[in-house]
Amino acid sequence: MKKIILFADTGIDDAIALIYALKNPEIDLLAVVSGYGNIDREKSLRNAEYLLELAGRDDIPVLAGATRPLNGEEPIFFPDIHGVEGLGPILPPIPEEQFARRTNISTLFQIIKDNPNEVTIVNVGRCTTLAIAWLLNPEVMKDVKETFIMGGAFLVPGNVTEVAEANFYGDAQAADYVCQTSPNLTVIPLNVTRKALITPALVNYIDSRATSPIEKMIKPILDFYYEAYQQLEPGIDGTPQHDLAAVMAALDIPDLYRYSNRVVRVQHEESFANGLSIADFRPGSMDCFGLDCDRIATEINENVFISNVLEILTLS
Ligand code: BDR
Ligand code: CA
């Protein structure tokens, strides 16, 4: 069993990653930290609460993450991709009193203390809250077993600028700090997540097997995501499951990824290259020049990805 704390900005692919985590018998989801990113922090929190309630898992705490990047600037949201509310066409009917359920970030430290060297953090949103956790409580955060981050684009085009991927671009300073600070770090970049596609045919197959309310969420939100991606990348044969790809990386699924050990840096001075993820792939830099190597997923086996997704998302 993997004890996972998911840091999300609960949009559509975050939701698919969350549903996968809830259905996967290998995962013990200890908490969801939900902050700004695809949408604002309030919508992100509400979406996480709604999905957990739909799944009958309101025992899993939802922690309030950051509301904006470290530099305090107003964040940019992506309603065209995730919908105004973050779950495509779905408007979660969460009563106001539901918000009383959320807990603050101090609960994160208690969970880590209660599970020393057993917690796997999977960060599929901006790195702001994770950076703040390290700044607030490094002596507890060092007891995290390992960290996986969906972010970056190495020597390939970005998705919010020509060079930058959305999670790293949204708070490049936090991304660089987390990449330099987190031990046992694995980065799952666009290089592989762009190929982690769920096609419309697979969505229909998954939907044909759906019985529970949470499973029946998959089709409407992925249909919306598909239409959005047809505007972004006309002809793309499905929707890229960036965040699900990061959760799967935490499970040591044989032959899913190939990795390269390199030091990851993120450009964050004010420039056109803000959010650019950098790693030294020159042959001589295999040992990271004695620095703490990070691990970067460089290749994905799409057949392994799809067979695992189908296995888990159609589990009854
Ligand atoms: C990342 O940005 C968000 O749009 C997605 O949820 C994912 O975490 C992809 O670049
Ligand atoms: Ca996300």
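Read the figures in this text as sums done on the coordinates, not as results from a lab. Treat the numbers as computed from the prediction; the structure is a model and nothing was measured. Neighbour counts are summed over all protein chains in view; Cβ atoms, including those assigned to glycine, are modelled from backbone coordinates with ideal geometry.
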proj_area_mean for segment 1-97 (convex hull on C-alpha atoms), units nm², value 6.4 nm²
Amide H to amide H under 5 Å from Lys3: which residues, 5+ apart in sequence or cross-chain, H placed 1.01 Å off N in plane? Asp28, Thr120
Could you state the principal axis extents of the C-alpha atoms in segment 61-150, from the largest down, to the nearest angstrom? 40, 30, 22
Given DSSP loops and a limit of at most 13 other Cβ atoms within 10 Å, what is the longest stretch of the chain that contains no such GluC sites (Glu not before Pro)? 163-268
Taking the simple approach of a point 7 Å from Cα along Cα-to-Cβ for both Leu155 and Asn184, what is their distance in nm? 2.9 nm
Quarter of the Cα convex hull surface for the chain, i.e. its orientation-mean projected area (nm²): 15.2 nm²
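Do any trypsin sites (Lys or Arg not before Pro) in segment 1-87 lie in a DSSP loop with no more than 15 other beta carbon atoms within 10 Å, and if so, which? Could the numbers behind the result be given before it?
Values: sites: Lys2, Lys3, Lys23, Arg41, Lys43, Arg46, Arg57; in loops: Arg57.
Counting only loop positions with at most 15 other Cβ atoms within 10 Å, the trypsin sites (Lys or Arg not before Pro) in segment 1-87 are Arg57.
Near Arg209, within a Cβ-to-Cβ distance under 14 Å, what is the net charge of the other residues, with Lys and Arg +1 and Asp and Glu -1?
On the way: positive: Lys23, Lys216, Lys219; negative: Asp207, Glu215, Glu311.
Cβ neighbours under 14 Å give a net charge of 0.
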